[in-house]
Amino acid sequence: MTAPLASVRGARGRGVRRLRFLRTLYSRRSAAFGTSVVLLFLLVALAGPLLAPYGANEQDFSEARRPPSLERPFGSDHLGRDVFSRVVLGTRDIFMLAGFGTLLAVFVGTVVGLFATYLGGLVEEIAFRLFDSVLAMPALLFALLLLGTFGPSRTNVLIVIAVAYVPIVARVVRSVVVAVKTREYVAAARMQGESLGYILFREILPAVLPALAVESALRFSYAIFLVASLGFLGAGVQPPNPDWGLMISEARTFVGLTPWALYFPAAVISLLVVSVNLMADGLKTVLQEGG
Amino acid sequence: MTAAPALKIAGLSVSYGNGSGQRTVLRDIDLTIETGQFYGLVGESGSGKSTLALAAMRYLGADGRITGGSIELGGVNLLAMSDPELRRTWREAVKLVPQDPLASLNPRLRIGQQIAEGFDRRDARSEERVLELLASVGLADGLRVARSFPHQLSGGMQQRVMIAAALAGSPELLILDEPTTNLDVTTEATILDLVRDLVRARDTAVLYVSHSLGVIARLCDRVAVLYAGELVEDAPVSDIYQRPLHPYTRGLLDSVPRLGQNRRDDLLRPIVGQIPQANSLPDGCVFAPRCPVATELTREQRPPLEEVGGSRRVRCHRWREIADGRLNPRQQGTAAAPAEQQPASARDEHVLTVTGLEKRYPLRRSLGDLLAGRSRRQVHAVAGVDLAIGRLRTLGLVGESGSGKSTVARCVIGLTPPSAGEVTLLDVPLARQLSARDRPVLRRLQMVFQNADEALNPYLTVGRSLRRPLARLAGVSPAEIDARLAQLLQAVRLSPDYAERYPHELSGGEKQRIAIARAFAASPDLLLFDESVSGLDVSVQAAVLNLLGQLQQERATAYLFISHDLAVVSYLADDIAVVYLGQLMETAPASVVLQPPFHPYTEALLSALPLLDPQAKQDRIRLDGELPSPVDRPGGCPFHTRCPRFLGDICVSEEPPWRETSEGKRIYCHIPLDELEATQSPATLPAAPWEGPEAND
């Protein structure tokens with residue numbers, strides 16, 4: 001894995017540092033595994049329709065309840081749908097919902113966290129007490145409540161993930177900003193008459209980024225979990241979409257007949273969540289503990 | 001038969017790390033401390049002095065290894081000891097007093113318990129003995145201290161407790177690793193007195209590690225000078241300060257401002273260059289790259305540690321020439337300042353005037369206060385300060401921690417809005433809030449902070465940090481900015497390629513130079529320095545002080561220079577103001593600041609100052625008690641609770657008047673000036689014995 005990276009060493013400055021960063025990340029076996037699997041899933045998400053031998057809802061009753069075979073690696077479910085194809089095609093959904101939900105949470109959480117913490121006083125107090133009250137409720141319960149009120153749709157799932165995770169991201173941002181905002185270089189920027197935006201995003205944000213990268217990866221793994229859970233409970237993605245949680249939910253009734261239709265989506269969820277976690281762990285050692 | 005020495009180190013080498021990352025930090029150290037002897041160990045950061053102190057008790061971390069040599073403690077080989085034996089030695093024979101007492105005391109145990117750990121557990125009298133020990137280190141209210149937790153004591157009291165704990169087992173060897181570095185000078189003086197009087201009485205040998213030559217001069221019998229892991233000179237204390245043989249020792253002594261030395265007539269001579277890293281040492285003499293008298297021989301061949309006249313040792317090829325005066329190993333002085341622009345006289349036009357400056361911080365009311373109907377209490381950080389600085393002049397503001405000196409600077413610059421008072425810059429009143437000041441005002445007023453590590457954004461290159469003020473405040477066009485950036489770096493004596501570097505690639509002195517460059521970028525009229533040289537090694541500090549002097553001439557800037565170090569302030573400043581508990585106590589032109597009359601507080605500061613002369617006769621004036629809390633500021637004269645010249649009720653009930661001498665010295669005291677003058681002696685001025693100021697080029 002390191003050979004192709006090393007051969008590009010001619011590049012200068014930022015590029016070199018980025019490569020060195022990747023190399024350090026890949027020098028840890030667990031992090032390398034996690035990152036590779038996540039990248040593989042990402043590829044599957046992008047190339048989904050090309051990889052899936054069948055359509056998501058392509059039914060063939062004569063082929064129903066087939067156990068895994070060479071032709072159908074994950075078998076087929078009680079309606080004769082190809083489980084492998086459905087898992088592959090469902091990847092994109094989960095990446096879209098969990099990924100963009102996390103991105104939205106990170107974006108809003110960072111901006112709010114930066115502003116509120118830097119300004120301090122009443123602004124900080126109000127923002128973070130509000131966040132505390134969101135955090136007081138389990139994320140899943142909170143998500144069910146919102147989706148129950150506004151109805152299950154993709155957009156709503158995405159927003160729910162963002163709302164549930166903004167407080168956590170903001171707290172992480174706050175923990176760094178509290179330490180950095182009293183640094184003398186921030187005072188120096190103020191003495192140069194820099195604007196609030198410049199101070200927040202140019203002077204302070206770089207110090208937040210390592211913690212933010214780790215937290216984003218971690219949030220992503222929890223978001224995958226949340227999306228799957230919501231699908232399973234019927235509050236998220238609706239049938240007949242090939243959502244992993246939904247697939248488990250549907251296959252539950254037939255677990256005696258087609259256990260593979262339940263186990264494969266479940267295994268895929270576990271694999272992805274564990275891999276994202278390993279990647280986050282690797283990021284943490286490389287970025288925050290100096291590798 | 002003579003008794004074995006308390007500590008005998010022979011041929012000691014110590015390394016950190018393993019394999020390719022191995023760094024040898026101590027090489028071939030020989031050191032013998034006799035029973036009852038006070039041994040000073042001096043060196044700058046990176047010299048390996050703390051490693052030596054820890055190695056002497058075989059207390060290196062997991063990373064450090066003793067790779068050669070022997071250590072004998074009272075004739076017993078320390079390196080052959082088993083772990084239980086070693087632990088017993090630590091408990092009984094050798095004790096360490098570290099730099100930071102708070103980090104060494106267990107926050108969850110009461111002081112009494114921690115001291116008692118030094119006694120045998122079966123000792124029934126241990127409680128009594130704890131109180132005896134606390135009394136012996138000058139903690140009169142021993143019972144209260146014994147029941148306290150570490151955080152409830154001041155830094156000075158914590159360090160007294162550490163000394164008491166170290167003496168608990170009557171050790172043969174006491175190792176003190178920079179025990180007073182974090183303390184104020186007046187507290188430091190009392191601790192040094194304590195160590196001297198208490199330990200002298202016990203026949204305990206002492207290894208005193210410090211970067212401060214003045215502290216060592218006051219306390220020790222012998223001094224060993226360490227440089228880059230090697231012992232370069234070792235001599236009785238009077239010899240080292242009178243007649244240093246090694247060029248490095250000489251360089252160190254020439255780098256420290258002597259009390260009364262002023263840059264306008266006698267420049268410091270800093271040591272050029274930097275201490276080498278442990279993994280890239282020069283082949284010959286380790287000091288050769290920075291040595292003013294290095295030759296081919298010194299660069300190629302490592303000099304031996306030679307005996308000189310029985311009592312001293314030096315590691316230099318050319319010590320004979322230095323000893324008989326044929327060779328003067330002084331560093332090249334920096335070029336004389338360009339045609340001196342005369343500073344305006346004190347009464348001329350003022351760049352900055354501060355009148356009646358006050359800063360109060362309200363405290364949160366506790367529930368008890370609320371129920372009792374007490375009003376909100378306030379911390380009085382600054383209580384009415386008046387200052388004025390003329391063109392091209394430097395005002396030095398001296399005070400100990402808690403004096404409010406930094407708050408004054410922050411109020412002037414606008415980082416902290418003052419509660420009352422007025423600040424005018426070039427006759428224009430300044431807005432209290434920084435955000436309310438417009439760009440021309442921001443340009444005129446800049447500040448350099450204490451902590452060089454925090455002063456630069458670690459994620460930005462030096463170039464980016466410097467371009468910003470050039471573009472925004474100085475209004476330099478993009479076409480010219482690179483040229484101006486190079487000029488700016490050159491002004492602080494750094495090459496233009498520093499623009500591409502990140503702060504972590506710079507040394508402490510270089511970072512501070514960049515911070516100075518940034519402050520100068522917009523050609524300000526007034527620069528504030530808040531302890532800006534305090535964190536630097538003496539040789540680096542000397543170079544930065546000289547740089548500040550030159551930049552002031554080149555750029556016609558006025559300075560407000562804040563420091564706790566009176567010698568540094570009197571070196572750089574034209575006028576000096578002494579502040580205590582947010583109140584000015586004395587203001588004086590630098591020329592007369594060391595002549596009586598003094599304010600009693602200034603007198604105490606001067607007598608506490610460690611001088612570069614073991615023979616110096618200083619009045620022994622020590623301040624009793626602790627600094628009062630700024631919440632319950634003493635009424636009348638705020639200094640009355642600790643004043644050695646306390647008069648009586650008048651000091652408590654009435655604010656003192658400002659009294660002015662004919663030389664322009666102003667003193668805030670009830671005691672008439674002639675009375676003060678009659679009973680005070682001028683501060684001792686130890687001149688360098690090898691040359692008077694007239695021998696300066």
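What the table below lists for this structure:
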| quantity | calculated |
| --- | --- |
| Inter-residue pairs, beta-carbon under 9 Å, first more than 17 Å from B:ILE9 (Cα to Cα) and in region B:75-88, second open to solvent by 70 Å² or more (accessible area, probe 1.4 Å), 6+ apart | B:GLU85/B:VAL76 |
| The listed residue being more than 12 Å from chain A (Cβ to nearest Cβ), closer than 30 Å to B:GLN378 by Cα and open to solvent by less than 10 Å² (accessible area, probe 1.4 Å), out of B:LEU425, B:LEU485 | B:LEU425 |
| Verdict on B:ARG666 being loosely packed, with under 14 Cβ neighbours inside 10 Å and in contact (Cβ under 8 Å) with a residue 40 or more places away in the chain | no |
| Residue in region A:234-246 that is touching a Phe, Trp or Tyr at 6+ places or on another chain (Cβ under 8 Å) and open to solvent by less than 30 Å² (accessible area, probe 1.4 Å) present | yes |
| Residue selected from region B:625-654 under the condition among the aliphatic types (A, V, I, L, M) and surrounded by fewer than 18 Cβ atoms within 10 Å (Cβ to Cβ), by the criterion modelled with the lowest pLDDT | B:VAL631 |
| Residues within region B:428-448 that are more than 22 Å from B:LEU392 (Cα to Cα), basic (Lys, Arg) and buried (at least 16 other Cβ atoms within 10 Å of the Cβ), tallied | 2 |
| Any hit, region A:244-253, residues being on the phi < 0 side of the Ramachandran plot, polar (S, T, N, Q) and in a loop (DSSP other than H, G, I, E, B) | yes |
| Any hit, region A:209-232, residues being under 27 Å from A:PRO67 (Cβ atoms) and open to solvent by 40 Å² or more (accessible area, probe 1.4 Å) | yes |
| Qualifying residue in region A:215-227 (condition: of a type outside the set (Phe, Trp, Tyr) and without any contact (Cβ under 8 Å) to a residue 24 or more places away in the chain) | no |
| Filter result (touching a residue at least 12 places away in the same chain (Cβ under 8 Å) and over 30 Å from B:ARG258 (Cα atoms)) within region B:641-661 | B:THR641, B:LEU647, B:ILE650, B:CYS651, B:VAL652, B:SER653, B:GLU654, B:GLU655, B:PRO656, B:PRO657 |
| From B:PRO596, B:PRO524, residue being in contact (Cβ under 8 Å) with a residue 12 or more places away in the chain, more than 14 Å from chain A (Cβ to nearest Cβ) and assigned to a loop (DSSP other than H, G, I, E, B) | B:PRO596 |
| Region B:407-422, residues that are open to solvent by less than 10 Å² (accessible area, probe 1.4 Å) and either over 25 Å from the mean Cα position of the chain (by Cα) or within 14 Å of another protein chain (Cβ to nearest Cβ) (or both) | B:ALA409, B:CYS411, B:VAL412, B:ILE413, B:GLY414 |
| Scope region B:70-104; condition in contact with a strand residue (DSSP E or B) (Cβ under 8 Å, 6 or more places away or on another chain), polar (S, T, N, Q) and surrounded by 12 or more Cβ atoms within 10 Å (Cβ to Cβ); matching residues | B:SER70, B:THR89, B:GLN99 |
| Tally, over region B:488-503, of residues that are within 11 Å of chain A (Cβ to nearest Cβ), farther than 18 Å from A:ALA187 by Cβ and in a helix (DSSP H, G or I) | 1 |
| Which listed residue, of B:ASN451, B:ASN457, is open to solvent by 50 Å² or more (accessible area, probe 1.4 Å) and at the interface with chain A (Cβ under 10 Å from one of its Cβ atoms) | B:ASN451 |
| Hey, B:LEU470 open to solvent by less than 10 Å² (accessible area, probe 1.4 Å), part of a helix (DSSP H, G or I), more than 8 Å from chain A (Cβ to nearest Cβ) and touching a Leu at 6+ places or on another chain (Cβ under 6 Å) or not | no |
| Verdict on B:SER366 being more than 17 Å from B:ASP530 (Cα to Cα), of a type in the set (S, T, N, Q) and open to solvent by 20 Å² or more (accessible area, probe 1.4 Å) | yes |
| Residue in region A:150-164 that is surrounded by fewer than 20 Cβ atoms within 10 Å (Cβ to Cβ) and within 14 Å of chain B (Cβ to nearest Cβ) present | no |
| 3 or more residues among the β-branched types (Val, Ile, Thr): qualifying strands (runs of 3 or more DSSP E) within region B:1-88 | B:23-33, B:64-73 |
| Leading residue by the ranking (surrounded by the fewest Cβ atoms within 10 Å (Cβ to Cβ)) among those in region B:157-190 that are among the acidic types (Asp, Glu) and not in a strand (DSSP E or B) | B:GLU178 |
| Given (1) modelled with pLDDT under 90; (2) within 17 Å of B:ARG518 (Cα to Cα), number of the condition B:LEU442 does not satisfy | (1) |
| Inter-residue pairs, beta-carbon under 6 Å, first open to solvent by less than 50 Å² (accessible area, probe 1.4 Å) and in region B:310-326, second among the β-branched types (Val, Ile, Thr), 6+ apart | B:VAL314/B:VAL308; B:ARG315/B:VAL232; B:HIS317/B:THR298; B:ARG318/B:VAL293 |
| Residue within region B:128-141 that is within 30 Å of B:GLY21 (Cβ to Cβ) and not aliphatic (A, V, I, L, M) present | no |
| Output for region A:176-208, where each listed residue is over 19 Å from B:VAL441 (Cβ atoms), within 11 Å of chain B (Cβ to nearest Cβ) and touching a residue at least 40 places away in the same chain (Cβ under 8 Å) | A:ILE204, A:LEU205, A:VAL208 |
| Region A:62-96: number of residues that are open to solvent by less than 20 Å² (accessible area, probe 1.4 Å) and closer than 12 Å to A:TRP244 by Cα | 8 |
| Matching residues in region B:631-661 - criterion: being outside any helix (DSSP H, G or I) and among the hydroxyl-bearing types (Ser, Thr, Tyr) | B:THR641, B:THR661 |
| Restricting region B:368-398 to residues that are modelled with pLDDT of 85 or more and on the phi > 0 side of the Ramachandran plot, the residue that is farthest from the other protein chains (Cβ to nearest Cβ) | B:GLY384 |
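The values are calculated or read from the model by the stated rules, or taken from the named source; none is laboratory data. Note that the coordinates shown come from a computational prediction; the quantities given were computed from them, not determined experimentally. Heads up, the Cβs are rebuilt from the backbone with ideal geometry, glycines too, and the neighbour counts pull from every protein chain shown. Accessible surface areas use protein heavy atoms only, side chains included; no ligands, DNA or RNA. Shrake-Rupley method; radii C 1.70, N 1.55, O 1.52, S 1.80 Å.
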